[in-house]
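The values are calculated or read from the model by the stated rules, or taken from the named source; none is laboratory data. Bear in mind the structure is a predicted one, so any value in this text is a computation, not a measurement. Here the Cβ is made from the backbone with ideal geometry for all residues, glycine too, and neighbour counts use every protein chain on show.
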Amino acid sequence: MHKVLVLGAGLVSRPLVRYLLEQPDFHVKVASRTVSKAEKLIDNHPDGEAQSLNVKDTAALGRLVQEADLVISLLPYEHHVTVAEFCLEHRKNMVTTSYVSPAMKRLDSKAKELGLLILNEIGVDPGIDHMSAMKIIHGVQDAGGEITSFRSFCGGLPAPEANTNPYGYKFSWSPKAVLLAGKNSGRYLEDGKEINIPGEDLFDNYWPIKIEEIGDLEYYINRDSIPYMETYGIKTTKTMFRGTLRYPGWCQTLKKMVELGLLDETEREDIKDLTFAQFIAKLIGSADTTNLKKDLASYFRIEADSDVIKRFEWLGLLSDKPLPLEKGSAMDLLGEIMLEKMPYAEGERDMIILHHEFVAEYPKDNRKEKTFSTLIDFGIPHGDSSMSRTVSLPAAIGAKLVVEGKIDATGVHIPVSPAIYEPVLKELEQLGIAFKEKSQRIK
């Protein structure tokens, strides 16, 4: 019996736990601070077990790791290195869906020395994006070609029929991660030129894109794209861009929120007994809220009937609604009202879009080709969201392959080798998570 320890019972955990419980000879233990969440995931399955765990109780964490054959950490990313250190101590393999941090990378040589694998970035973004890109890149290289341009875009959005608010966005859990990502700086390569975008200018730099079957969207840079030239083995590419997808209007509105200071994380002591309107008036230096709409438009140097002002109004930022917190940051307040006003309704579908555009040149026959690879996946009404399936199923499949001894790699890895991405993509396709690809000759 293969013993798998799953740390965390959050919103993306369910598809992974159910997948592993369906495998023959697997015993799955889910450890969570809230044991009732773990019990709900196990759902009385004979090969499942729920366990209460406060991850700060390192003695208890160490014992659980010691009892397992493999550990999957779905905890917040800041806990992964602690878990990995216990895995090395007790000689256990580990899987996460999060980006490799510098501290995790430093465990590479120790993991190799012990013959252990710590497989990271095996979710959707990061994860499916790496695997689907590498499949095409290796195909081009095997055919004697080289990638000269790679652009990749990913977004988790409401399905078109669930796109029912002026922001074109909805939340299943705290908006904080999305808002924090809105402060990241970006770096990419365009026609051989390196372009840097400071975090405060992120939403000044966005572009339109049309996705077949979905329609008009917009995108902006997702962090630093340039290291992926080495990661993906395409060091000679002239263009390297990884972007985030949104419905139109998101970027121009977030740009004004940044300008106003609504993404500020400094805790404020001056918000007790204020309404949202009074708080906004305070931010723009307005004496009162009598002409707030007009004053805000003037502050932004836009028209009072513009879409941005309408979105602020719809969200309740100009209302007499009392602030939900007595102290906290502007970002905390924005997150609270977004979660209240922009949740998924019961039965609504979310959607994951992952879209790659490659340009490849084949010197032998003087040919140039453009390839499009697109995944559009929808959540199941009243069932698992697309986000939870696309994040956790790659990790579940990866974990199964590791436990069954089908991946030989050791050290700290991400899924860019055929030994990992081929079986994972193949099984995802069987589970209905599949890409459509098309190529056209451009020379």
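List of remarks:
- Selected residue (criterion: farthest from the chain's Cα centre (by Cα)) from residues of segment 232-250 that are assigned to a strand (DSSP E or B) and of a type outside the set (Val, Ile, Thr): Met240
- On the stretch given as segment 359-403, residues that are part of a helix (DSSP H, G or I) and more than 30 Å from Gly347 (Cβ to Cβ) total 9.
- Note on segment 272-286: among residues that are more than 32 Å from the chain's Cα centre (by Cα) and among the aliphatic types (A, V, I, L, M), the one that is nearest to Glu313 (Cα to Cα) is Ala277.
- Taken together, the residues in segment 269-303 that are of a type outside the set (Gly, Ala, Ser), surrounded by 12 or more Cβ atoms within 10 Å (Cβ to Cβ) and under 21 Å from Glu340 (Cα atoms) amount to 7.
- Enumeration of residues in segment 251-279 that are of a type outside the set (A, V, I, L, M), touching a residue at least 24 places away in the same chain (Cβ under 8 Å) and part of a helix (DSSP H, G or I): Cys251, Gln252, Thr253, Lys255, Lys256, Glu259, Phe276, Phe279
- Among (1) of a type in the set (S, T, N, Q); (2) touching a residue at least 24 places away in the same chain (Cβ under 8 Å); (3) crowded, with 17+ Cβ neighbours inside 10 Å; (4) more than 21 Å from Glu404 (Cβ to Cβ), the one test that Ser73 misses: (4)
- Hey, Val81 under 22 Å from Leu21 (Cβ atoms), touching a helix residue (DSSP H, G or I) at 6+ places or on another chain (Cβ under 6 Å) and among the β-branched types (Val, Ile, Thr) or not: no
- Among the residues making up segment 78-94, none is touching a Cys at 6+ places or on another chain (Cβ under 6 Å) and part of a loop (DSSP other than H, G, I, E, B).
- For segment 216-258, the set of residues classified as crowded, with 17+ Cβ neighbours inside 10 Å and acidic (Asp, Glu) consists of Glu218 only.
- Residue within segment 95-102 that is over 28 Å from Leu428 (Cβ atoms) and either of a type in the set (Ser, Thr, Tyr) or not in a helix (DSSP H, G or I) (or both) present: no
- Residue check for Leu339: in a strand (DSSP E or B), in contact with a strand residue (DSSP E or B) (Cβ under 7 Å, 6 or more places away or on another chain) and touching a residue at least 12 places away in the same chain (Cβ under 8 Å): no
- The listed residue being acidic (Asp, Glu), in the same structural domain as Ser109 (by TED's automatic domain parsing) and closer than 17 Å to Gly398 by Cα, out of Asp43, Asp25, Asp47: Asp25
- Annotation: Glu213 fulfils all but one of (1) under 30 Å from Pro381 (Cβ atoms); (2) buried (at least 16 other Cβ atoms within 10 Å of the Cβ); (3) not aliphatic (A, V, I, L, M); the unmet one is (2).
- Taking residues in segment 147-162 that are crowded, with 22+ Cβ neighbours inside 10 Å, and partners anywhere that are outside any strand (DSSP E or B) and of a type in the set (A, V, I, L, M, F, W, C), the pairs with Cβ atoms closer than 8 Å and at least 6 places apart or on different chains are Ile147/Ile137; Ile147/Val140; Ile147/Ile234; Phe150/Ala133; Phe150/Ile137; Phe150/Ile234; Ser152/Ala133; Gly156/Met387.
- Thr34 hydroxyl-bearing (Ser, Thr, Tyr), touching a strand residue (DSSP E or B) at 6+ places or on another chain (Cβ under 6 Å) and either crowded, with 23+ Cβ neighbours inside 10 Å or farther than 24 Å from Asp408 by Cβ (or both): no
- Which numbered condition Glu265 misses (of (1) in contact with a Ser or Thr (Cβ under 6 Å, 6 or more places away or on another chain); (2) buried (at least 22 other Cβ atoms within 10 Å of the Cβ)): (2)
- Qualifying residue in segment 387-399 (condition: closer than 20 Å to Lys170 by Cα, free of Cβ contacts under 8 Å to residues at least 60 places away in the same chain and not β-branched (Val, Ile, Thr)): no
- Listed by first and then second residue, the pairs with beta-carbon distance under 8 Å, at least 6 apart or on different chains, first residue in segment 188-207 and free of Cβ contacts under 8 Å to residues at least 12 places away in the same chain, second in a strand (DSSP E or B), are Ile195/Arg187; Ile195/Tyr188; Ile195/Leu189; Asn196/Gly186; Asn196/Arg187.
- Within the set Lys176, Lys183, Lys170, the sole residue that is at pLDDT below 95 and closer than 23 Å to Leu262 by Cβ turns out to be Lys176.
- Extreme residue, surrounded by the most Cβ atoms within 10 Å (Cβ to Cβ), among residues of segment 76-101 that are farther than 18 Å from Val391 by Cα and among the aliphatic types (A, V, I, L, M): Ala84
- Residues of segment 410-424 classified as crowded, with 18+ Cβ neighbours inside 10 Å and not in a helix (DSSP H, G or I), total: 6
Let's see how each residue does on (1) surrounded by fewer than 17 Cβ atoms within 10 Å (Cβ to Cβ); (2) closer than 16 Å to Ser174 by Cα; (3) more than 22 Å from the chain's Cα centre (by Cα); (4) touching a residue at least 12 places away in the same chain (Cβ under 8 Å):
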residue	(1), (2), (3), (4)
Pro324	yes, yes, yes, yes
Ser329	no, yes, yes, yes
Ala345	yes, yes, no, yes
Glu348	no, no, no, yes
Glu357	no, no, no, yes
Lys368	yes, no, yes, yes
Thr374	no, no, no, yes
Gly379	no, no, no, yes
